[in-house]
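Scroll down for the structure; my scribbles are underneath it.
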């Protein structure tokens, strides 16, 4: 589901479930619940939106991957302060905390694990591209514009994103 599709589904869901709608709306059939794939995708998009807007405490709740790299990059930050580590990732360490431009299911590994192919949007609205090596400028031919992200679901933590944003040294 691309970003526009996601927004349309979300608006429709809100409109159809909002209290105080037209008379007779109570008799209308409730919208179908979101599928596991849709819920996983919403989580993925929310993760990047929270990073992009600096809501790191919310991003930490959605992130279920390792902090090991961030701890190594930021020895002055308490290793248990995940919010500060996440902020450092986006503001100091070179991770690209961008908004999702498009996302599509790449593979459903199981009923609790989903891999999405994601494209990101730069500040000017253009497609984010990563050069072939070490933060080199993009050349067009071998640039990477799609990145894979895993979302898992567990009974204890709900849906969680397992990878950090793309790193650009």
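The values are calculated or read from the model by the stated rules, or taken from the named source; none is laboratory data. The shown structure was predicted, so the numbers you read here are calculated from the model rather than taken from an experiment. Cβ sites come from the backbone with ideal geometry, for glycine too, and all protein chains shown count toward neighbours.
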Exercise. Working only within the stretch 74-92, note down all residues that are in contact (Cβ under 8 Å) with a residue 40 or more places away in the chain and touching a strand residue (DSSP E or B) at 6+ places or on another chain (Cβ under 9 Å).
Key: 89
Self-check item: Restricting the stretch 149-169 to residues that are surrounded by fewer than 19 Cβ atoms within 10 Å (Cβ to Cβ), over 11 Å from the mean Cα position of the chain (by Cα) and within 21 Å of residue 102 (Cα to Cα), the residue that is modelled with the lowest pLDDT
Solution: 168
Quiz item: What residue, among those in the stretch 93-111 that are outside any strand (DSSP E or B) and either modelled with pLDDT under 95 or touching a strand residue (DSSP E or B) at 6+ places or on another chain (Cβ under 8 Å) (or both), is farthest from residue 52 (Cα to Cα)?
Solution: 111
Quiz item: Does the stretch 45-59 contain any residue that is modelled with pLDDT of 95 or more, exposed (fewer than 15 other Cβ atoms within 10 Å of the Cβ) and farther than 18 Å from residue 157 by Cα?
Solution: yes
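Residue under question is residue 6, and the condition is that it be assigned to a helix (DSSP H, G or I), under 21 Å from residue 152 (Cβ atoms), modelled with pLDDT under 95 and touching a helix residue (DSSP H, G or I) at 6+ places or on another chain (Cβ under 7 Å); does it hold? Spell out the reasoning first.
Working: assigned to a helix (DSSP H, G or I): yes; under 21 Å from residue 152 (Cβ atoms): yes; modelled with pLDDT under 95: yes; touching a helix residue (DSSP H, G or I) at 6+ places or on another chain (Cβ under 7 Å): yes.
Yes, satisfied.
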